[in-house]
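Chemist: The structure is given below, and queries will be raised subsequently.
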């Protein structure tokens, strides 16, 4: 394998600052994803790596990457899968940065987690930085309410925020077990600080636990005291962080009304990261895995408008041609950062590993890993 073949595939995020979006100049044009030569190179590199590597593909990934995935799933399922593949020296995580961090937290020291593009981040995770959360906690401490506040942090968060959660007596949650996590938190304290997705936190508190919207306040990290008064923080049962998913936040009541007017008998199926208004007006609400199972078990001829990432909806529609499956919004919305992982990046990573060069390794600080594991263990014990 020539060096030029590898360097021709150097793209955005390879060997660069993950906080930047500087591209790396390519020699010539990058081949199209479906370029037969590129697909062939991917197959050759994958075969050369053999059992030394495992490729994990998130549900929101594009098809050209999913085709090479050994295991597909949501973020935590994939991290757990990596943990079980103890013989795999390399874990190539085709997802976003926080997912690769979670895999590194759970895997052994003998395994190396690789993210094909370091610029593949998560806008929601980036909405809660360690310094911002520390400032929030300091405010709660000064008000004398931190001791009764239990952090519950969504899986879609950085390792630093997971570590904060573990160190301060909290737990991690997924969209599947957010109710159980929040119920547990209320057995440990009288308040919950829910990070970083305000919509999942609000929907869980109101729809699942029966709290009122007035029981929830929204902490804005860009404002002093989160834009709240001392009385509001003291009276709140749930302090929601001002974060959201850039994809799920796009769906609206107008989207629901439009699709219902166009498709008779359609059922609206959405993810709980959607806004409270969308969730309360949908027919069915559930996690990514729940959405997949719902469509698999739906009767032939049924019609579904799905409010989640477009790659998954498109894949479900292709897999179930006997059902009328459409995207909930007229404007197709990909997870843009997830889609930075493409076949050229995957080929570059695999060929580099075959050549003996470990690139784009994700390593979580040992102390951060320690408290993150504690928070994850609390979740697994729910």
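The values are calculated or read from the model by the stated rules, or taken from the named source; none is laboratory data. Since the structure is predicted, the reported quantities are computational estimates derived from the model, not experimental observations. As a convention, Cβ positions derive from the backbone with ideal geometry for all residues, glycine included, and neighbour counts pool all protein chains shown.
Chemist: Quick one: is residue 152 within 23 Å of residue 346 (Cβ to Cβ) and in contact with a strand residue (DSSP E or B) (Cβ under 6 Å, 6 or more places away or on another chain)?
Modeler: no
Chemist: Right, another one. Being in contact with a helix residue (DSSP H, G or I) (Cβ under 7 Å, 6 or more places away or on another chain) and farther than 14 Å from residue 379 by Cβ is the filter here; which residues of the stretch 169-191 pass it?
Modeler: Matches in the stretch 169-191: 189, 190, 191.
Chemist: To continue, here is another question. Having 1 or more residues that are touching a residue at least 24 places away in the same chain (Cβ under 8 Å) and farther than 30 Å from residue 303 by Cβ is the bar; report the strands (runs of 3 or more DSSP E) wholly within the stretch 216-270 that clear it.
Modeler: 216-219, 238-241
Chemist: Take the conditions in contact with a strand residue (DSSP E or B) (Cβ under 9 Å, 6 or more places away or on another chain), outside any loop (DSSP other than H, G, I, E, B), crowded, with 23+ Cβ neighbours inside 10 Å and at pLDDT 95 or above and apply them to residue 200. Does it pass?
Modeler: Taking the combined requirement at face value, the residue satisfies it.
Chemist: Take the stretch 356-375 and flag every residue that is on the phi < 0 side of the Ramachandran plot, within 21 Å of the chain's Cα centre (by Cα) and either free of Cβ contacts under 8 Å to residues at least 12 places away in the same chain or outside any helix (DSSP H, G or I) (or both).
Modeler: 361, 362, 363, 364, 365
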